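Notes for the one structure printed next.
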Amino acid sequence: MGLLDSLLGRTDASSGGGGTALVGILGGLLTQCGGLQGLANKFSQTGQGNAFSSWVGLGENQPISGNQIQNVLGSEQVKALAAKMGVDPTQASQFLAEYLPKVVDKLTPEGKVDPTADHQQGLASLLPALLQSVGGKPSGGGSAPA
């Protein structure tokens, strides 16, 4: 989990809360793409719709590579995210390949995209559980739900 620790450390220094910055970065990505539905469309248009659907659905999440993430989002968007994260674009792609499936999965607990859901609030509430699920601890001393 070194990259996530590194990202949280970098964003902690600049924003006072790594989790908050990470939510901002992921939330910004969702906003730029038009929410989960827009992100789903991007994945479908680049031949990765089945992977995205697996993350939304209730079954096993299909893996995706950093290169596939770069193809879906485009190199300019990956570069912009990398700059916000303070890492190079390859690391940003790898980070998204690892965590985007988990984030989409957690934002769609019913197994479908809810266009009326507040994804910013959803991201903020799922971050402690996500960090705990990958072996980390929520930053800021907050307690994660059991």
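Tabulated results
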| item | result |
| --- | --- |
| Evaluation of residue 58 against (1) more than 20 Å from residue 114 (Cα to Cα); (2) open to solvent by 60 Å² or more (accessible area, probe 1.4 Å) (one fails), failing number | (1) |
| The range 109-122 residues that are within 18 Å of residue 61 (Cβ to Cβ) and open to solvent by 40 Å² or more (accessible area, probe 1.4 Å), paired with ones that are modelled with pLDDT of 80 or more and assigned to a loop (DSSP other than H, G, I, E, B) (beta carbon under 9 Å, 6 or more apart) | 109/58; 110/58; 112/57 |
| Within the range 21-65, tally of residues that are among the β-branched types (Val, Ile, Thr) and in contact with a Pro (Cβ under 7 Å, 6 or more places away or on another chain) | 1 |
| Residues located in the range 61-72, provided they are under 14 Å from residue 103 (Cβ atoms) and either in contact with a Leu (Cβ under 8 Å, 6 or more places away or on another chain) or loosely packed, with under 14 Cβ neighbours inside 10 Å (or both) | 64, 69 |
| Residue list for the range 55-67, restricted to those being farther than 14 Å from residue 106 by Cβ and either touching a strand residue (DSSP E or B) at 6+ places or on another chain (Cβ under 6 Å) or not in a loop (DSSP other than H, G, I, E, B) (or both) | 66, 67 |
| Qualifying positions in the range 93-116 - under 12 Å from the mean Cα position of the chain (by Cα) and either more than 18 Å from residue 127 (Cβ to Cβ) or not in a helix (DSSP H, G or I) (or both) | 93, 94, 97 |
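The values are calculated or read from the model by the stated rules, or taken from the named source; none is laboratory data. In this text the structure is predicted, and so the values were computed from the model without any measurement. Every residue, glycine among them, receives a Cβ derived from its backbone with ideal geometry; neighbour counts consider all protein chains shown. Remember, those area values only see protein heavy atoms, side chains included, never the ligands or the DNA or RNA. Shrake-Rupley method; radii C 1.70, N 1.55, O 1.52, S 1.80 Å.
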